[in-house]
Every structure is written in C-alpha cells, then in structure tokens.
Amino acid sequence: MADVTLETEGALAIISLNRPEKRNALTLAMWRAIPALVESAAQSGARVLVVAGRGGHFAAGADIAEFEDAYASADAALANQGDIQAAMRALEAVAMPVLAQIDGVCVGGGCGLALACDLRWATPSARFAITPARLGLAYGVADTHRLIRAVGLSHAKDMLFTGRMIDAPTALAWGLIDRIVSAEAMDAECAAFGHALAGAARYSLAAIKRIAHKAADGAVMDDEESRRLFAEAFSGPDFAEGYRAFLEKRAPKFS
C-alpha cells in the first residue's frame, strides 16, 4: 500500500497516512502526493475530506531519514518547504470542509498538516508539539499564521518557544482542536458529520469556507471576491432548490 492514499466512503473522502511503523512520519514524496489526492477528493462527489493517520498515530513530523538530503543546503531546505506548503495550501483551498482525525502523536509537520484542515478532532490520547526551537530551525510565516489563527499569539509562542508536548484537553482549551472523541467512536462521528453535510449546498460550503478564511485573515469588509460569491449564489442551482424547498416546506435536495 502507498504511504498516503485516498478512498471514499459515502459522504467522506479519506486521505490516509500509511506508515504506522514510522508513526506516519512524512516523507517528501508524501507531501508531493497530497495536492493530487486533494484534487481527486474534490472530484469524488464526497461532502467532507478527512485526513487521518493509521496505526494509532496521526503523524510524527518529518521523516528523519530524509534530513541529510532535505537540509543539505538552504536551497534544498527552501525547496522542501515549498512542497510542504503546496500540500497545505491544497487543503486550505479545496472547496469542501476538511477534517483532521487525530490519534496519538501529532508533531512538527504533522501538526502543521492538521492546522491546514478546517476542523480538528482528536482522541483523548492525542499529543501535540511543534519543535523548530529544539532543532535549531525557524518556523515559516504561513505555518506560524495557521498556529496563531488557531490558538492565539501567546499560546503559539508557548508551543514554539518550548517545543513541549500538549495533551488533548489542553489542545481543546487552547483551540488547537475542536472536539475530543473516543477512538472507538471517531469513525462513526466522522461518518455522521459527513452525512449531516450531505444535506448542505455544495456552493454554500465552498463559499463559507473561502469567506471564513478571509475574515480570519483580517478582512472586515466585503471585497470583489466575497461580493461575487454572494451574488453568484442567487443565480445558482443550489439557491433555486433551497428557495423552492423552503417555500414548499420540505428538505432541499442539492446535487
């Protein structure tokens, strides 16, 4: 089986990290594979994209076996970072909600991957850390921005300065995760979430995600893009069906 795969289960498209013997440490090949898998998920008809690690862990960060090549020079490190950010941007940009399903360790690049998702659910055993200070590295602006957007400036500095491990209750209190779900119930909860979103309009989900990102990044007034998204909704098939369903007092049937 490939180290990172895509499968569909009803309303869910699931990208799985499949290196359990390495606690799903992320190789450069895995990062490079993610954008195409995200695009395939977007074309699959699923309502929610789930990103999960198999074997009891989400991801233990970068694969140390690749460090010598990845950090052989500043140019190599920048190229590596470019591939990582392309994967994260793909998750942020895809026109569907993305849910990180987190168990066990979620460290370094694994934590960054989770932060690129719209929602993060974790089991009680999940543990989180971001460790550039322990490696003598800097942390990029895009990654730092995602972290601050989730936990705030002070908690972000705490995590980055110390590199310490954060448990699931602390992560929930800080906003790093959105929900704690038992390992036994996680798959069923994710499936139920996907089923719930099957009743929502695809256009609305995509527009809400895009506008929410703009607002989280500091926008306080509509711009050309947000006005276009708002206006186009009224001429689309989703609004036509939603409006008719509202008048007819029935559940809408979106495509």
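The values are calculated or read from the model by the stated rules, or taken from the named source; none is laboratory data. Quantities reported herein were computed from a predicted structural model and do not represent experimental measurements. In this analysis, Cβ positions are derived from the backbone assuming ideal geometry, glycine residues included, and neighbour counts consider all displayed protein chains.
Matching residues to (1) part of a loop (DSSP other than H, G, I, E, B); (2) modelled with pLDDT under 90; (3) in the same structural domain as G152 (by TED's automatic domain parsing):
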{"residue": "A206", "(1), (2), (3)": "no, no, no"}
{"residue": "R210", "(1), (2), (3)": "no, no, no"}
{"residue": "K214", "(1), (2), (3)": "no, no, no"}
{"residue": "A219", "(1), (2), (3)": "yes, no, no"}
{"residue": "R227", "(1), (2), (3)": "no, no, no"}
{"residue": "A231", "(1), (2), (3)": "no, no, no"}
{"residue": "D238", "(1), (2), (3)": "no, no, no"}
{"residue": "Y243", "(1), (2), (3)": "no, yes, no"}
{"residue": "S255", "(1), (2), (3)": "yes, yes, no"}
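Of all residues in the stretch 110-143, those satisfying the criterion of being of a type outside the set (S, T, Y), without any contact (Cβ under 8 Å) to a residue 40 or more places away in the chain and assigned to a loop (DSSP other than H, G, I, E, B) are A116, I130, G136, L137, A138. Checking R134, R120, R127 one by one, the residue that is out of contact with any strand residue (DSSP E or B) (no Cβ under 9 Å at 6 or more places or on another chain) and among the charged types (D, E, K, R) is R134 and no other. For the stretch 93-115, does any single residue satisfy the condition of being at pLDDT 95 or above, acidic (D, E) and under 10 Å from the mean Cα position of the chain (by Cα)? There is no residue in the stretch 93-115 that is at pLDDT 95 or above, acidic (D, E) and under 10 Å from the mean Cα position of the chain (by Cα). The residues listed here are I64, I14; of these, the one that is touching a residue at least 12 places away in the same chain (Cβ under 8 Å), out of contact with any helix residue (DSSP H, G or I) (no Cβ under 8 Å at 6 or more places or on another chain) and farther than 24 Å from Y139 by Cα is I14.
Out of the residues in the stretch 130-146 that are under 11 Å from L160 (Cβ atoms) and among the charged types (D, E, K, R), which is farthest from the chain's Cα centre (by Cα)? Don't jump to the end; show me each part of the working.
Step one: list which residues in the stretch 130-146 are under 11 Å from L160 (Cβ atoms), which gives 130-134, 137-139, 143-144.
Right, trim to among the charged types (D, E, K, R) and you get 134, 143.
Numbers: R134: 25, D143: 12 Å.
In this case the residue turns out to be R134.
Scan the stretch 154-170 and report the pairs whose first residue is not assigned by TED's automatic domain parsing to the domain that holds A138 and whose second residue is surrounded by 14 or more Cβ atoms within 10 Å (Cβ to Cβ) and of a type outside the set (A, V, I, L, M, F, W, C), with Cβ atoms within less than 9 Å and a gap of 6+ or a chain change. From residues that are not assigned by TED's automatic domain parsing to the domain that holds A138, there are no pairs. Residue count for the stretch 157-201 under the criterion of being assigned to a helix (DSSP H, G or I), of a type in the set (D, E, K, R) and within 22 Å of Q101 (Cβ to Cβ): the result is 3.
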